[in-house]
1. For the stretch 114-132, give me the residue count where each residue is in contact with a strand residue (DSSP E or B) (Cβ under 7 Å, 6 or more places away or on another chain), open to solvent by 20 Å² or more (accessible area, probe 1.4 Å) and not in a helix (DSSP H, G or I).
2. Pick from 111, 83, 125, 90: which is under 18 Å from residue 26 (Cβ atoms) and under 29 Å from the mean Cα position of the chain (by Cα)?
3. When residues of the stretch 264-292 are filtered for being open to solvent by 50 Å² or more (accessible area, probe 1.4 Å) and within 20 Å of residue 436 (Cα to Cα), how many remain?
4. Of 227, 258, 244, which residue is touching a Leu at 6+ places or on another chain (Cβ under 7 Å) and among the acidic types (Asp, Glu)?
5. Select from the stretch 142-164 the residues that are open to solvent by 10 Å² or more (accessible area, probe 1.4 Å), at pLDDT 95 or above and not hydroxyl-bearing (Ser, Thr, Tyr) and list them in ascending order.
6. Residues in the stretch 410-427 that are touching a helix residue (DSSP H, G or I) at 6+ places or on another chain (Cβ under 7 Å) and either in a loop (DSSP other than H, G, I, E, B) or at positive phi (or both): how many?
7. At least 3 residues that are within 26 Å of residue 246 (Cβ to Cβ) and either outside the structural domain of residue 477 (by the TED database) or within 30 Å of the chain's Cα centre (by Cα) (or both) in each: list the strands (runs of 3 or more DSSP E) lying fully within the stretch 292-364 that qualify.
8. Could you tell me which of the residues 59, 82 is at pLDDT 90 or above and not in a helix (DSSP H, G or I)?
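The values are calculated or read from the model by the stated rules, or taken from the named source; none is laboratory data. Quantities reported herein were computed from a predicted structural model and do not represent experimental measurements. No Cβ is skipped: glycine too gets one built from the backbone with ideal geometry, and neighbour counts run over all protein chains shown. Protein only, heavy atoms only, side chains kept; ligands, DNA and RNA dropped before computing areas. Shrake-Rupley method; radii C 1.70, N 1.55, O 1.52, S 1.80 Å.
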Amino acid sequence: MDEVIQVTQWISSITPRKKAKLFFFATHADAPSPMVGSNDVDTHEETQLPLATTVALHNFKNIDEFLKKKVNTFSCYNVIENEITKTDYEYLRFYSACKYLDVVPPFLDLEKISAIQNKFEMTDEERDYRLLLDSADLVLEKVCDSLKPAGVSQMWTALRKDRNLIRGVKTIDIIGFFVDPNPTGIKECLFFFIVRFLQKADKINRVNTNRLERLIAQCDESSSCEEGKTIDFIIDSLRFYPTELYPFGFCLIMCVIEGRDGAVQEIEKTMEISRHLGMITHTEKNPTKETIELVKKELMKPKYQFYSSFTCWFMSHGDSNSMVLADGETIEREWFLTSFPDISTFQLKPKVFFMVSCRGANKFSLKGDEFEGQSATCDYYDIGSALIRNRMLDITDSVRDISYVQPMMDTLVAYSTILDHLSGRANTHGSIYVDRACVLMSENISRGRSLTEILEHLSQDMHEILQETMDEDRIVYKQARHYDSFFRKTLKLPYTRHPKEDVHSAPQ
């Protein structure tokens, strides 16, 4: 069959709602730039004009043309360059979106997908199409699905009132002030236009969604929400770090085995819980400073930008300032913690560090006969409330900026003990902290708990456990743990375990 006919038949088989979503996913706002093959021009025409004309004319002609152009580009594309190109990213994003929406073109060359994945040095686990979907876009899709056409129309009206924001934007004028979002697919096009417009204007990104939340907060709940949804529910969904689908993130486990009883069990436990959570995991036994530098270099590779989060377990001996490596050398804990969050592939994504080591020799000792022989070894205001808002400082958009971010933002560091104190371990099972942390995370999958909630529970659990030093004094003590958080959103554990599916993005 002629390829032109095949493309036409494929496009005609896609529903208007899925066309809007496919366009949205295929014009991902955070695509890397500049890239090889990129001309650094403003992509306004490509990402916003088709949506604007579709809404204004109730006609999907321009989106159809965009999709035709995409498949024709991929059909002619030769995967021969050594460097990763912009087209490589677009091809992977486009295929994963088609797979997610169940509209994969029968004529799409999957061998090219496999060749591109080879350029990214992707493992078998990383060839799952779900890795290639952007979690932030999936969250925004769910927000759109939770709103009725009237709700999106009310968002549009609120946006049009912001004269400073929309001044001189031609696509805004194309759509006009009054919009009928009721025809199938038009609601989605209008919502996705609002989102892409705010992203291009540097008003929202995958972490900063306040401007979008404020638009939603101005909607009338009775007419704007789908059945079973509320304005609060929709806004709350934007206040979690986007970690939709599989994998939950990338997990790095670094463990010094030499001189640490039970270290092998620590590795087994952390590997088990990370896989149970749906993470793709890499383990480094007996790391040295050279190992750490090599791992940091590895994490800068382009493929890691597809991950939604980063978790690191570092288990070793240590003191108040440093950690002991496998070769006996030490590294400053502060150096380790500040060097990883600055890796660009995980910018604006949650980064969690579990630091399991002593931070000194002090201990919270318990004295008394009854302890001998016993051991195991705020309110916030509603953003839609004008009454309270009027009493608060008016922070205007002109003094807000989301472009520049401190490297430590979106990072959480969980310590197994407090400064200057011991971190206890059992002879056969290794760190008690690692054991209890893995147990509590495993127990809380499907309960909708956030990581910080689990860490608070872990604090209570750990401080109930009596431990005993292994020296001749046999002192019974308790261990206290804490965490430092630079999070700007809440990180929830997945509701269900995300197993690896037999749905790889290329033939196996």
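1. Result for the stretch 114-132: 0.
2. Answer to the check: 90.
3. 6
4. 244 is the lone residue from the list that is touching a Leu at 6+ places or on another chain (Cβ under 7 Å) and among the acidic types (Asp, Glu).
5. Scanning the stretch 142-164 gives 142, 145, 148, 149, 150, 154.
6. 3
7. 310-315, 351-356
8. Working: 82 fails: at pLDDT 90 or above.
Matching residue, one of 59, 82: 59.
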